[in-house]
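The values are calculated or read from the model by the stated rules, or taken from the named source; none is laboratory data. Just so we're clear, the structure is a prediction, and the values are computed from it rather than from any experiment. Using ideal geometry, Cβ is built from the backbone for each residue, glycine included, and neighbour counts are taken over all protein chains shown.
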Amino acid sequence: MDVAATRPAIPAGLAAGGVVAIGRYITWDRAPGVARALADGGVRAFELTLNAPESDALRSIEAVAAIGADLGLDVGAGTVLSIEAAQRAVDAGATFLVSPHLDTELVAWAAANGIPALPGCASPTEALAAWRAGAAAIKLFPASVFGPAFVREMRGPFPDIPIVPTGGVTVETAPSFITAGAVAVGMGSWLIGDGSAAGVRERAERVVAAVSAARAELAPRSAT
């Protein structure tokens, strides 16, 4: 199989906004409100993690997926640990999958079904294995441990592998990851906070602006 020909593209919302919001333990009745606040703030990708009980998480994915298209928001599932869980998430409406680890069989399954997968990677060996299996991008996790320098060095041997640092990223550190070469950043606790609409929207606006400014700073370097 030609992996390059079948590799799903990075979710459009993630690529455009440069931020994927990560929601943990957000109940189905609160999830749409958080989604609207994120979209109002310019975030275009929302990952809801499959924490126990999984049924509650799937219900939240369904609730957000029902309004995602109207909001211009890509809706994904996080903490996907198996193909079976991935299938349930897709059935609930998830259009991309994120894992904290690398499972090449899961990545290959997602690619074969046209679903962008972002597996967690923490080494060059894992990054290359994920890419060869059909990953749309890799999730550098935990990003706070590795820092922007790791992204910069990875871009040398692997310029074609999109990197999404996740784990401990804040509005202060996000720009450094972008200028180091990350295609986007994943943000959870800092961005979601207590889930209040006003707070989520304000933080979303701040980080989207910070990422946009970092991309603008990077553009002249790319042109030289």
Could you please let me know if Val169 is under 22 Å from Ala12 (Cβ atoms), within 17 Å of the chain's Cα centre (by Cα) and either of a type outside the set (A, V, I, L, M) or not in a loop (DSSP other than H, G, I, E, B) (or both)?
no
By residue number, the members of segment 27-72 that are crowded, with 24+ Cβ neighbours inside 10 Å and not small (Gly, Ala, Ser) are Val34, Leu38, Val43, Arg44, Phe46, Glu47, Leu48, Leu50, Ile61, Val64
One residue from Leu128, Leu106 being under 18 Å from the mean Cα position of the chain (by Cα) and either surrounded by 16 or more Cβ atoms within 10 Å (Cβ to Cβ) or not polar (S, T, N, Q) (or both):
Leu106
With respect to Pro148, determine if the residue is part of a helix (DSSP H, G or I), closer than 14 Å to Ala214 by Cβ and either under 14 Å from the mean Cα position of the chain (by Cα) or not β-branched (Val, Ile, Thr) (or both).
yes
Return yes or no: is Thr79 at negative phi, β-branched (Val, Ile, Thr), modelled with pLDDT of 95 or more and under 15 Å from the mean Cα position of the chain (by Cα)?
no
Just to be sure I understand the filter: pairs with C-beta atoms under 7 Å, separated by 6 or more residues or on different chains, first member in segment 123-138 and over 16 Å from Ala111 (Cα atoms), second member of a type outside the set (Ser, Thr, Tyr) and part of a helix (DSSP H, G or I). Which pairs pass?
Pro124/Met154
I'd like to check something: does segment 94-102 contain any residue that is touching a residue at least 60 places away in the same chain (Cβ under 8 Å), in a helix (DSSP H, G or I), crowded, with 22+ Cβ neighbours inside 10 Å and touching a Leu at 6+ places or on another chain (Cβ under 9 Å)?
no
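This table checks each residue for (1) at pLDDT 95 or above; (2) over 16 Å from the mean Cα position of the chain (by Cα); (3) not basic (Lys, Arg).
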position	(1), (2), (3)
Ala135	yes, no, yes
Lys139	yes, no, no
Val164	yes, no, yes
Asp194	no, yes, yes
Only residues in segment 60-71 that are closer than 10 Å to Phe46 by Cβ and modelled with pLDDT of 95 or more count as the first member; pair them with residues that are assigned to a helix (DSSP H, G or I) and of a type in the set (Asp, Glu), Cβ under 9 angstrom, at least 6 apart or cross-chain, and list the lot.
Leu71/Asp40
Mind counting the residues in segment 72-92 that are under 22 Å from Gly41 (Cβ atoms) and either part of a helix (DSSP H, G or I) or not acidic (Asp, Glu) (or both)?
6
Residue check, Ile115 in a loop (DSSP other than H, G, I, E, B) and of a type in the set (Val, Ile, Thr)
yes
Being out of contact with any Asp or Glu (no Cβ under 6 Å at 6 or more places or on another chain) and within 11 Å of Thr49 (Cβ to Cβ) is the filter here, so list the residues in segment 68-84 that pass it.
Ala77, Thr79, Val80, Leu81
Between a residue in segment 4-31 that is over 23 Å from Trp131 (Cα atoms) and acidic (Asp, Glu) and any residue that is at pLDDT 95 or above and buried (at least 17 other Cβ atoms within 10 Å of the Cβ), which pairs come within a Cβ distance under 9 Å, given they are 6 or more apart or on different chains?
Asp29/Ser60; Asp29/Ala63
